[in-house]
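Written out below as structure tokens is the structure these notes cover.
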Amino acid sequence: MPVKKKTTKAAESYFAAGLNIVPEDFTRINNDVNGNPRYVIHFLNLLSADDRWGSPMTIDQKYNLALQKAKKAGGKKFHNKMFGGGIVFQSYSLPQLIKTLNQL
């Protein structure tokens, strides 16, 4: 017989909320070679709560899902030892980028 999980109203609203990215989630890094500003965010910030904890995916699968979402908004893998699991965005308008990412 399957075990029924108990969930609270707070947990249900958290899972239904989707993404809630704020400017503090980003780290400003050096400009690219053309002088364009760049920002890095950890891949877990691009996943909904249901994607993080509600599905039995491996870390690699979660990273690929976050990267797939990020590419819709112009994100790329951040290949650097400084920030493991990072996704980089090139943007002059951080508020507009945040708005775009929260709508994914």
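For the range 43-66, taking the residues that are more than 8 Å from the chain's Cα centre (by Cα) and hydrophobic (A, V, I, L, M, F, W, C), the one that is nearest to Ser93 (Cα to Cα) is identified as Leu65. Remark: pairs (first residue in the range 58-85, farther than 18 Å from Arg28 by Cβ and touching a residue at least 24 places away in the same chain (Cβ under 8 Å); second residue surrounded by 12 or more Cβ atoms within 10 Å (Cβ to Cβ) and among the aromatic types (Phe, Trp, Tyr); Cβ separation under 8 Å; 6+ apart in sequence or on different chains) = Leu67/Phe43. In the range 66-104, of all residues being in contact with a Ser or Thr (Cβ under 8 Å, 6 or more places away or on another chain) and in a loop (DSSP other than H, G, I, E, B), the one that is modelled with the lowest pLDDT corresponds to Phe83. Scanning the range 26-63 for residues that are over 22 Å from Thr100 (Cα atoms) and not aromatic (Phe, Trp, Tyr) gives Asn30, Val33, Asn34, Gly35, Gly54, Ser55, Pro56, Met57, Thr58, Ile59, Asp60, Gln61. Scanning the range 66-98 for residues that are loosely packed, with under 12 Cβ neighbours inside 10 Å and within 19 Å of Val22 (Cβ to Cβ) gives Tyr92, Ser93, Pro95, Gln96.
Just name the residue that is modelled with the lowest pLDDT out of those in the range 44-65 that are surrounded by 14 or more Cβ atoms within 10 Å (Cβ to Cβ) and more than 14 Å from Asn20 (Cα to Cα). Taking the candidates together, the pick is Met57. Taken as a whole, the condition of being among the basic types (Lys, Arg), farther than 17 Å from Leu104 by Cβ and within 16 Å of the chain's Cα centre (by Cα) applies to Arg28.
The values are calculated or read from the model by the stated rules, or taken from the named source; none is laboratory data. Computed from a prediction, not measured in an experiment: that's the story for all the values here. Reconstructed Cβ throughout: ideal geometry from the backbone, glycine too, with neighbour counts over all protein chains shown.
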